[in-house]
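Laboratory data are not the source of any read-out in this text; all were calculated from the coordinates shown. As the structure is a computational prediction, the values presented were derived from the model and not from experiment. So basically every Cβ, Gly included, is an ideal-geometry build from the backbone, and we count neighbours across all protein chains shown.
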């Protein structure tokens, strides 16, 4: 029995039902599907971050005060400088990836390998920089105390500049009685194994420095400059707050505490930048595999460098995501 195929009039078009829509290979289409699904994940992270920040807008940390470190420049206030440099390096690696793909179109193996190597180096620098940023964020710089309500109290001088705990707190002698394994909970709750200073030491050091004040995490608008600034208490209010409401010392940031302000800020920082950093690290591994295949002449024998294009799509996506992360998390 003969089979009759009805003509639809779309056979010659890109989406005419053929096996290569838009003349794209199966591998490229699957990469696009992955990129679209991953874009939804990052969009969810950024949307959740936006809603949370809007809800706690009056308590949200100021990014310029948090990300103000620069390698080999200890003590220098360089707000966002290193993050901007990281962004420039990642975008630069996207340019080298474009050049690698272009060289592949001309079957130029040496140039493909060279530009892929530059892309890998840029990715490694970015991942290493992100790890360095994490280290500083986790370790903290100034220290603070936490109140009964979970709010953060920071210390400033008369000019409103942050003052680190080490500048006014003296560590006194401590005697920790050895306990057995069954009493281990007491030792964990004492705070000696985590905090450099005890709350009583901070209170004594603060009382001995009449020039110090407490700054809360509550933001208010400066009428003269129009900028958002954290509220600084008077000396009397500072002493009362520290003596009656402080419960523990906080140094650095983790998933439960954050010396810079709201703990949610640290949570989103770890999840968003960590998830993106994992993508960059994965991209570096992919690029290394492609790089060695190029050196071995694998794609030369195939007569096509399409694999470079596929990994290039992934790398451009990772770069584009960072542009959004940099804009909404660091700048806005």
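Distances over 25 Å make up what percent of all Cα-Cα pairs in the chain?
The answer is 63 percent, as a whole percent.
Taking the simple approach of a point 7 Å from Cα along Cα-to-Cβ for both residue 323 and residue 270, what is their distance in nm?
3.1
Quick check on the stretch 78-148: what does the Kirkwood estimate of hydrodynamic radius come out to from the alpha carbon pairs, in Å?
After inverting the pairwise mean of 1/r, the radius is 14.3 Å.
Which value in nm describes the separation of the simple spin-label points at residue 166 and residue 28, placed 7 Å from the Cα toward the beta carbon?
It works out to 5.5 nm between the two label points.
R0 = 45 Å: FRET efficiency of residue 88 with residue 207, Cβ-based, nearest 0.05?
0.45
Give me Rg/Rg_expected for the stretch 209-332, where Rg uses Cα atoms only and Rg_expected = 2.2 N^0.38 Å with N residues.
Expressed relative to 2.2 N^0.38 Å, the Cα Rg reads 1.77.
Return 170, 231, 198 ranked ascending by Cβ neighbour count within 10 Å, so the fewest neighbours appear first. Numbers along the way, then the final one.
Numbers: 170 10, 231 13, 198 18.
Listing 170, 231, 198 from fewest to most nearby Cβ atoms yields 170, 231, 198.
Measure nothing fancy, just the Cα-based angle from helix 263-295's long axis to the longest principal axis of the chain, in degrees from 0 to 90, nearest 10.
40
Expressed as cubic angstrom per residue, what is the convex hull volume of the alpha carbon set of the stretch 245-312? Before the final figure, lay out each step's value.
Details: hull volume 6.0 nm³, N = 68.
Normalising the Cα hull of the stretch 245-312 by residue number yields 88 Å³.
Over the Cα atoms of the stretch 27-74, compute the convex hull volume and normalise it per residue, giving Å³. Walk me through the numbers before you get to the answer.
Details: hull volume 4.6 nm³, N = 48.
Taking only Cα atoms, the stretch 27-74 has a hull volume of 96 Å³ per residue.
Order of 235-243, 263-271 by packing, highest average Cβ count within 10 Å first?
Result, highest mean first: 263-271, 235-243.
Which whole-number value in Å³ per residue fits the convex hull of the alpha carbons of the stretch 33-104? The partial results should precede the final answer.
Numbers: hull volume 8.4 nm³, N = 72.
Normalising the Cα hull of the stretch 33-104 by residue number yields 116 Å³.
Expected output is a single nm value to one decimal: the length gained when fully extending between residue 304 and residue 70, i.e. 0.36 nm times separation in residues minus the C-alpha distance. What is it?
Full-extension gain reported as 80.0 nm.
Modelled label-to-label distance, residue 235 and residue 292, 7 Å Cα→beta-carbon offset: nm?
That separation, rounded to one decimal, is 6.7 nm.
Suppose a student asked you for the relative contact order of the chain, using Cα pairs under 8 Å spaced at least 6 residues apart; what percent would you report?
24
Per the helix-only calculation at 222 nm, which mean residue ellipticity applies to the chain, given -39500 (n - 2.57) for every DSSP H run of n ≥ 4 and division by its residues, nearest 500 deg cm²/dmol?
Values: 10 runs with 174 residues, N = 332.
My calculation for the chain gives -17500 deg cm²/dmol from helical runs alone.
Under a GNM of the chain (C-alpha, springs under 10 Å), which listed residue has the highest mean-square fluctuation: 44, 128, 172?
Maximum among the listed residues: 172.
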